[in-house]
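Participant: One structure, as structure tokens, below. Some questions next.
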Amino acid sequence: MKQNIFRGLGIALITPFTEQGEVDYEALQRLVEYQIENGADFLCILATTGETPCLSKEERLKIKDFIVNLVKGRLPVVVGCGGNNTAAIVEELKTGDFKGIDGILSVCPYYNKPSQEGLYQHFKAIAGATKLPVILYNVPGRTGINMKPETTVRLAKDCQNIVAIKEASGNLEQVDEILKNKPEGFAVLSGDDSLTYPMIACGAEGVISVIGNALPKEFSRMIRLEQRGEFEAAVKIHHKFTDLYSLLFVDGNPAGVKALLHEMGFINNILRLPLVPTRVATVQKMSQILKDLKL
């Protein structure tokens, strides 16, 4: 049986920047402590929501070390390690410093659109290059390729350290197919905040969340209620966030959640090009929802 420690509320952590565009470590520390104090179960750093493609190698290493030293084992830490050059990822896994890291999140190769066999061989090579637990990340809206349920299940069965998938296809039939056929101990995690409630109801074990950056206490409570079978109480929280789910992504991610965190006083509303801040009208709508929620 696989050993998966990544359950409940995982946070797809943003990277805050100063007004000058540098990494804001004071804001990052505030944000990490806020997650730990308000119900997060694990952190996922240096992935899409962290604007990782716009960070230098030196910045990525410094952020990783900073967070590991700050967390001090209080929560598991997953780090993004993926791309569309299999050999380069394998080399990074074999030679990189992963001290203090509890697992890796690896996205489906983007742009070059491999076949299902290519996806299988890609992730099999990644799993063979590390002893760390591997979370697959299927997000066809960003990568241009959908990893089919049979490929996910094949990898889960063939690779002992592939322990979970962050499934962001938006297709609940696909989610159900994975849940029906997966090996024991392999976890399905939601990659869409808006689908977390129905996915957990179907048997998923948690989420790697964007909205959790701003509202970890409320979102983790929804998950815990649902895991205890208290669906009526959980769905009330889910419905409170319905409008917010769409607003967070209407102008791209992480523009929405950064605007929300700025409204809450956590960070500057700064992104790195080619990303830009969300529109004023969107911010005003999110601000009003926050007031209505009395958060």
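Participant: What are the pairs with Cβ atoms under 9 angstrom where one residue, in the stretch 77-88, is over 15 Å from residue 121 (Cβ atoms) and modelled with pLDDT of 95 or more and the other, located anywhere, is in a helix (DSSP H, G or I) and among the hydroxyl-bearing types (Ser, Thr, Tyr)? Sequence gap at least six, or different chains.
Facilitator: 80/48; 80/52
Participant: What number goes with the only condition from (1) within 27 Å of residue 188 (Cβ to Cβ); (2) open to solvent by 20 Å² or more (accessible area, probe 1.4 Å) that residue 42 does not pass?
Facilitator: (2)
Participant: While we're here: Filtering the stretch 90-139 down to residues that are in a helix (DSSP H, G or I) and of a type in the set (Lys, Arg), which residue is surrounded by the most Cβ atoms within 10 Å (Cβ to Cβ)?
Facilitator: 124
Participant: Right, next: Out of (1) small (Gly, Ala, Ser); (2) touching a strand residue (DSSP E or B) at 6+ places or on another chain (Cβ under 6 Å); (3) without any contact (Cβ under 8 Å) to a residue 60 or more places away in the chain, what's the single condition that is false for residue 233?
Facilitator: (2)
Participant: Residues to consider are 135, 126, 162; find the one that is within 28 Å of residue 100 (Cβ to Cβ) and out of contact with any helix residue (DSSP H, G or I) (no Cβ under 8 Å at 6 or more places or on another chain).
Facilitator: 135
Participant: Would the stretch 55-71 turn up any residue that is closer than 30 Å to residue 228 by Cβ, open to solvent by less than 10 Å² (accessible area, probe 1.4 Å) and touching a residue at least 60 places away in the same chain (Cβ under 8 Å)?
Facilitator: no
Participant: Additional query: I'd like to check something: does the stretch 154-162 contain any residue that is touching a strand residue (DSSP E or B) at 6+ places or on another chain (Cβ under 6 Å), in a helix (DSSP H, G or I), over 25 Å from residue 247 (Cβ atoms) and modelled with pLDDT of 95 or more? If you could, list the steps in order and put the result at the bottom.
Facilitator: Let us first name the residues in the stretch 154-162 that are touching a strand residue (DSSP E or B) at 6+ places or on another chain (Cβ under 6 Å), namely 155-156, 161-162.
Those still in the list that are in a helix (DSSP H, G or I) too: 155-156.
With over 25 Å from residue 247 (Cβ atoms) added as a condition, the list becomes 155-156.
Checking which are modelled with pLDDT of 95 or more leaves us with 155-156.
Within the stretch 154-162, one or more residues are touching a strand residue (DSSP E or B) at 6+ places or on another chain (Cβ under 6 Å), in a helix (DSSP H, G or I), over 25 Å from residue 247 (Cβ atoms) and modelled with pLDDT of 95 or more.
Participant: Okay, next question. Among the residues of the stretch 1-39 satisfying the criterion of being closer than 30 Å to residue 159 by Cα and not hydrophobic (A, V, I, L, M, F, W, C), which is surrounded by the fewest Cβ atoms within 10 Å (Cβ to Cβ)?
Facilitator: Per the stated criteria, the residue is 3.
Participant: Among the residues of the stretch 140-180, how many are farther than 19 Å from residue 196 by Cβ, surrounded by 22 or more Cβ atoms within 10 Å (Cβ to Cβ) and among the acidic types (Asp, Glu)?
Facilitator: The number of residues fulfilling the criteria is 0.
Participant: Quick check on this structure: which one of 85, 69 is under 23 Å from residue 37 (Cα atoms) and polar (S, T, N, Q)?
Facilitator: After applying the criteria, what remains is 69.
Participant: Answer yes or no: is there a residue in the stretch 181-191 that is open to solvent by 30 Å² or more (accessible area, probe 1.4 Å), assigned to a helix (DSSP H, G or I) and at pLDDT 95 or above.
Facilitator: Yes - at least one qualifying residue is present in the stretch 181-191.
Participant: While we're looking at this one, here's another question. How many of the residues making up the stretch 46-66 are under 16 Å from the mean Cα position of the chain (by Cα) and assigned to a helix (DSSP H, G or I)? Outline the logic, then answer.
Facilitator: Step one: filter the stretch 46-66 for residues under 16 Å from the mean Cα position of the chain (by Cα), giving 46-53, 64.
Cutting the leftovers down to assigned to a helix (DSSP H, G or I) gives us 48-50, 52-53, 64.
Summing the residues that are under 16 Å from the mean Cα position of the chain (by Cα) and assigned to a helix (DSSP H, G or I) in the stretch 46-66 gives 6.
The values are calculated or read from the model by the stated rules, or taken from the named source; none is laboratory data. All values derive from a computational prediction rather than experimental measurement. Note that each Cβ is placed from the backbone with ideal geometry, even for glycine, and that neighbours are counted across all protein chains shown. For accessibility, only protein heavy atoms count, side chains too; no ligands or nucleic acids. Shrake-Rupley method; radii C 1.70, N 1.55, O 1.52, S 1.80 Å.
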